[in-house]
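Notes to accompany the following structure.
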Amino acid sequence: MNALFPRRAANTGEGLSRRQLIITATAVGGALMVGCSPTDLLAAGAESETGPFGAFVKIAPDGAVTLVCKHIEFGQGSHAGLAAIVAEELDADWSKVGWEHAPANAKLYANGALGAQLTGGSTAINNSWEQLRKAGAAARAMLVQAAANRWGVAAAEISVKDSVVSHAASGQSADFAALLADAAKVTPPAEPVLKDPALFTLIGTDRVRRKDSLAKSTGQTRFTMDVQADNLLVAMVAHPPRFGAKVASFDAAAARAVAGVVEVYEIPTGVAVVADNTWAAKQGRDALSVTWDESKAETRSSADIAARFRDLADGSAALEKGEEWQGFETKGDVSGQPGGQALEVAYDFPYLAHAAMEPMNCVAQVEGNKARLTFASQAPTLDQLNVAKILANLPGAIEIETLPAGGSFGRRANFQSDFVVECVQIARKVGGNRPVKLIWTREDDMAAGYYRPLVHHRVRVTTDADGYPSAWTHRIVTQSIMKGAPFGGGGVDETAVEGAKGSPYLAATPHVDAQLLTPDIGVPVLWWRSVGATHTAYVMEHTIDQLARRAGQDPVAYRRALYEKAGAKRHLAVLDLAVKKSGWGTPAPEGWTRGVAVHESFGSVVAQVAEVKMENGEPKVGRVVTAIDCGTAISPDQIAAQMEGGTCYGLSATLYGQVTLTEGRVDQTNFDTYRVLRHGEAPQVETHIVPQPAGTHPTGVGEPGTPVIGPAVANALLALTGEAITAQPFVRV
Amino acid sequence: MAITLDVNGKQLTVEATDDTPLLWVLRDELGLTGTKYGCGVAQCGACTVLADGAPIRSCLTPVSALGAAKITTIEGLGGEHPLQEAWVALDVPQCGYCQSGQIMSAAALLAQSPKPTDAEIDGAMAGNICRCGAYQRIHAAIKAASGQTPAAAPQTDA
Ligand code: FES
Ligand code: FES
């Protein structure tokens, strides 16, 4: 979700702006009025009571501190980093700091980067940095003032350490618990004084560790799947076999005959069976006989879609109505350059399923126009807007209790709130405020679309006498993710070009002609961990290695020269660190070949050196040395965890991941046909963090580790075999 | 029909059709939600529990097939199992959804092979998918729990 950054919007005048989101909120809310602030509109109907220490900090009678976390925890461990920011400014005892998910309330909990309550774009720490520093500092100031009043001393003479407030001169001290009642009566400072970052004692240390490991190692974490309630019904839905098909008719007799099945309903997305328990719901759903109206369904095969994208990119297919090339980087005149030595490469990327470990699910209870949802909501504001629309209520009035998710990788932040709306449609039929748990099986989840789009790139690069790019022609053909967004867009879909656009290699090239084409296809697509970078990083980084090879240069030296030219200092720094730690330039261990890649995404720059060999006819990745510049490192341990996990996620897709369609039907059904990375295939990732000056703003960590491994492995294989790899996945089953 | 199961050392009687997978009996009838659904076809390992010490995929095991087998779920591991302690020491879980299954597979491995080799770990854990990619720490935690390495977090140099 890089493209949602205001940084980009401000730079380019394109992409999402908050204003666009607001306009949509106004339209959706119908009755909503102008003259309110954006988040007022989105939160209309919400209760927004907060405690004495504001929206983000709670202090319990025993002095325990709780971060009210506006971001969902779905594996990235951001709760720990966010809590550490508060604890640092509050000088709280880290062992007595906990966290909880915030309720859905855009006014209090909007993501500062996105203008809505939404976790994504690796923005959790980035957008909360100042906000939570201030929240912690304000609470600290209130406790200090309470102590100053009680002891009759100047607040400036008071210090705080590990949740104990002290006045050295008089020898007095009190813990947070003892001061709580008085502190709650102190007026919070309007502009709390922040700590000098050079004096941080918690942030950046190995003490900043996750708070949920014990619960997650004992089966105690409550996921959506685990919600239990009196009277709970479980729902499963028969979905159409092709995107865009609808129910024509159905026979529910056999389903109703299954013991435990309570009711069968037709809903807009299919036929729902509700039952007393999961097994009955599944048996009932499988017993349905449904006839589908496929007159408006997407019936193309993915191979046909890929072929047309290729033909569009090389100019051999004509544009259809509504299709139009859009330039995203243009300078100089590529046509005026001699083209004899041009490198021409075309790349193909398949659809990818997110395949989060916990398939999509939701628990909803509806009575009249009121709804309460208990589930892992990645985008509470979007979910509120979509549900409010169905129930004709105000978005803020839709209650959401957010639970942790068993992964998401972007899937749970959906413009249509697809599975959420489906659950609400069923709960509405059931009515009476009775909780309904919608469960998608793995097969439902995999066939439901919202994939990383199928993408084709075509690149033509001419080089100067020294072998560096002189003219770069780039064509990208893919479906637009943002076209389906309620916040419109228009202009170039940044999510399709980010990473090619803004590349230091293009900055270092005098003549550039880069264009995007986004044909409409009836397969729903969505952001997928690292979004545009999933393909642009591969294309840019693998192309660069092919160019370096033609120039007879070492890939690291070739990159350095281009980064110097482009003034890409952060790229240089991560590359240098990865080179140093990996032993690049010295012989690789016997049997292994090294490959390097560097990419900037979500405000961070990552370099990786991967050691690769062929084993049983498949690439095997061993040691992966990672260097990251992510600004101030809050939790080095969790940054390392995200580099490890992000690398596995990217490698899984590069080696094995693909969703294909045959005449509109999704071929993959489960993990037997959608191959993912397994234990023995995982690399050994080492993480090195580029040191930053104190106070540097932190940047993203959840996604930037994903897109770099693919090209690093491809570049190792290029060095090993002399062959470029122009299609993912590398291994096809 | 009424079925009696031995779960975590307790004799429990549930009402279920005999084709109901153990997974859904544990979760829906006994409230033991630590055991997870991930695929339903023995591909992901999220539903792994022990039956007389052997790892089984509860999503494909009909409840009627268990007889007198002693079933152990993540809840029955006690919370202070060396694997669980290593998991916490290394902050292994990311989303955590796969981790009950991972730990149960690892527990079966250690019961068989108290100091497993890397290859044995790779083999025993091959059926447990982690989409968050916590494999490296899972591997390290198994080594630590079996006394082969110290249980320290991977080093970073910030
Ligand atoms: S749910 Fe049983 S193996 Fe996946
Ligand atoms: S920790 Fe998320 S799937 Fe393993």
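The values are calculated or read from the model by the stated rules, or taken from the named source; none is laboratory data. Quick caveat: nothing in here was measured; it's all calculated off a predicted structure. Positions of Cβ are backbone-derived with ideal geometry, glycine not excepted, and every protein chain shown enters the neighbour counts. Accessible surface is based on the protein model in full, side chains and every heavy atom, while ligands, DNA and RNA are left aside. Shrake-Rupley method; radii C 1.70, N 1.55, O 1.52, S 1.80 Å.
Within the range A:637-681, track down each residue that is outside any helix (DSSP H, G or I) and at the interface with chain B (Cβ under 8 Å from one of its Cβ atoms). If you could, list the steps in order and put the result at the bottom.
At the first step, the residues of the range A:637-681 found to be outside any helix (DSSP H, G or I) are A:656-678.
A:Asn670, A:Phe671, A:Asp672, A:Val676, A:Leu677, A:Arg678, listed by residue number.
From the list A:Gln425, A:Gln378, exactly one residue is within 20 Å of the chain's Cα centre (by Cα) and either open to solvent by 10 Å² or more (accessible area, probe 1.4 Å) or of a type outside the set (Val, Ile, Thr) (or both). Which is it?
A:Gln378 is the lone residue from the list that is within 20 Å of the chain's Cα centre (by Cα) and either open to solvent by 10 Å² or more (accessible area, probe 1.4 Å) or of a type outside the set (Val, Ile, Thr) (or both).
Given the condition open to solvent by 40 Å² or more (accessible area, probe 1.4 Å), farther than 30 Å from B:Pro93 by Cα and either within 16 Å of ligand 1 (Cβ to nearest atom) or away from every other protein chain (no Cβ under 14 Å) (or both), answer yes or no: does some residue in the range A:224-232 qualify?
Within the range A:224-232 (the criterion being open to solvent by 40 Å² or more (accessible area, probe 1.4 Å), farther than 30 Å from B:Pro93 by Cα and either within 16 Å of ligand 1 (Cβ to nearest atom) or away from every other protein chain (no Cβ under 14 Å) (or both)), the answer is no, since none of the residues qualifies.
Being at pLDDT 95 or above, away from chain B (no Cβ under 14 Å) and more than 29 Å from A:Gln479 (Cβ to Cβ) is the requirement here; does A:Ala252 meet it?
Working: at pLDDT 95 or above: yes; away from chain B (no Cβ under 14 Å): yes; more than 29 Å from A:Gln479 (Cβ to Cβ): yes.
It is true that A:Ala252 is at pLDDT 95 or above, away from chain B (no Cβ under 14 Å) and more than 29 Å from A:Gln479 (Cβ to Cβ).
Here is a yes/no grid of residues against (1) of a type outside the set (A, V, I, L, M, F, W, C); (2) modelled with pLDDT of 95 or more:
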residue: A:Gly112; (1), (2): yes, no
residue: A:Gly121; (1), (2): yes, no
residue: A:Leu132; (1), (2): no, yes
residue: A:Ile158; (1), (2): no, yes
residue: A:Asp162; (1), (2): yes, yes
residue: A:Ala174; (1), (2): no, yes
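Give all pairs with beta carbons closer than 7 Å in which a residue from the range A:302-317 that is closer than 16 Å to A:Glu344 by Cα meets a residue that is modelled with pLDDT of 95 or more and open to solvent by 50 Å² or more (accessible area, probe 1.4 Å); count only pairs at least 6 apart in sequence or on separate chains.
A:Ala313/A:Arg458; A:Asp314/A:Arg458
For the list (1) open to solvent by less than 10 Å² (accessible area, probe 1.4 Å); (2) within 24 Å of A:Ala353 (Cα to Cα); (3) of a type in the set (A, V, I, L, M), I need the number of the one condition that B:Ile74 fails.
(2)
Has the range A:305-326 got any residue that is open to solvent by less than 60 Å² (accessible area, probe 1.4 Å) and in contact with a helix residue (DSSP H, G or I) (Cβ under 6 Å, 6 or more places away or on another chain)?
yes
Of all residues being more than 7 Å from chain A (Cβ to nearest Cβ) and among the β-branched types (Val, Ile, Thr) in the range B:93-121, which is farthest from B:Gly45 (Cα to Cα)? Just the residue, please.
The residue in question is B:Thr117.
So, in the range B:122-152, of the ones that are part of a loop (DSSP other than H, G, I, E, B) and over 24 Å from B:Cys59 (Cβ atoms), which residue ends up most open to solvent (accessible area, probe 1.4 Å)?
B:Pro150
Please state which one of B:Ala106, B:Ala119, B:Ala111 is within 16 Å of ligand 2 (Cβ to nearest atom) and either farther than 14 Å from A:Ala215 by Cα or open to solvent by 10 Å² or more (accessible area, probe 1.4 Å) (or both).
Criteria check complete, one pass: B:Ala106.
So, of the residues in the range A:627-678 that are more than 25 Å from A:Thr299 (Cβ to Cβ) and among the charged types (D, E, K, R), which turns out to be surrounded by the most Cβ atoms within 10 Å (Cβ to Cβ)?
A:Glu644
Across the range B:6-38, what is the total count of residues that are of a type outside the set (Val, Ile, Thr), touching a residue at least 40 places away in the same chain (Cβ under 8 Å) and assigned to a loop (DSSP other than H, G, I, E, B)? Reasoning before the result, please.
Initially, the range B:6-38 is screened for residues of a type outside the set (Val, Ile, Thr), giving B:6, B:8-12, B:15-16, B:18-19, B:21-24, B:26-32, B:34, B:36-38.
Now narrow it down to the ones that are touching a residue at least 40 places away in the same chain (Cβ under 8 Å): B:6, B:8-9, B:16, B:18-19, B:21-22, B:26, B:32, B:34, B:36, B:38.
Right, trim to assigned to a loop (DSSP other than H, G, I, E, B) and you get B:8-9, B:16, B:18-19, B:32, B:34, B:36, B:38.
Of the residues in that region, 9 qualify.
Please tell me if B:Ile103 is within 16 Å of ligand 1 (Cβ to nearest atom), over 29 Å from A:His354 (Cα atoms), out of contact with any Gly (no Cβ under 8 Å at 6 or more places or on another chain) and not charged (D, E, K, R).
On the way: within 16 Å of ligand 1 (Cβ to nearest atom): yes; over 29 Å from A:His354 (Cα atoms): no; out of contact with any Gly (no Cβ under 8 Å at 6 or more places or on another chain): yes; not charged (D, E, K, R): yes.
Judged against the criteria, B:Ile103 is not a match.
Only strands (runs of 3 or more DSSP E) wholly contained in the range A:238-311 count here; list those with 1 or more residues that are farther than 30 Å from B:Leu26 by Cα.
In the range A:238-311, A:246-251, A:261-267, A:289-293 are the strands (runs of 3 or more DSSP E) which contain 1 or more residues that are farther than 30 Å from B:Leu26 by Cα.
I'm trying to understand the selection: among the residues of the range B:85-103, which are within 13 Å of ligand 2 (Cβ to nearest atom) and either of a type in the set (Asp, Glu) or at positive phi (or both)?
Across the range B:85-103, the qualifying residues are B:Asp91, B:Gly96.
Looking at the range A:385-469, what strands (runs of 3 or more DSSP E) fall wholly within it and have at least 2 residues that are polar (S, T, N, Q) and either more than 16 Å from ligand 1 (Cβ to nearest atom) or out of contact with any Gly (no Cβ under 7 Å at 6 or more places or on another chain) (or both)?
In the range A:385-469, the matching strands (runs of 3 or more DSSP E) lie at A:455-463.
Between a residue in the range A:353-374 that is closer than 17 Å to A:Leu526 by Cβ and modelled with pLDDT of 95 or more and any residue that is assigned to a loop (DSSP other than H, G, I, E, B) and among the charged types (D, E, K, R), which pairs come within a Cβ distance under 7 Å, given they are 6 or more apart or on different chains?
Going by the 7 Å Cβ cut-off, the qualifying pairs are A:His354/A:Arg411; A:Ala355/B:Arg131; A:Ala356/A:Arg411; A:Ala356/B:Arg131; A:Met360/A:Arg411.
Here are some residues: B:Cys98, B:Cys132. Which one is under 30 Å from A:Thr669 (Cα atoms), within 12 Å of ligand 1 (Cβ to nearest atom) and of a type outside the set (D, E, K, R)?
Values: B:Cys132 fails: within 12 Å of ligand 1 (Cβ to nearest atom).
Testing whether each residue is under 30 Å from A:Thr669 (Cα atoms), within 12 Å of ligand 1 (Cβ to nearest atom) and of a type outside the set (D, E, K, R) leaves just B:Cys98.
Mind checking which residues of the range B:35-55 are more than 11 Å from chain A (Cβ to nearest Cβ), open to solvent by less than 50 Å² (accessible area, probe 1.4 Å) and in contact with a strand residue (DSSP E or B) (Cβ under 6 Å, 6 or more places away or on another chain)?
Residues satisfying the conditions are B:Cys47, B:Thr48, B:Leu50, B:Ala51.
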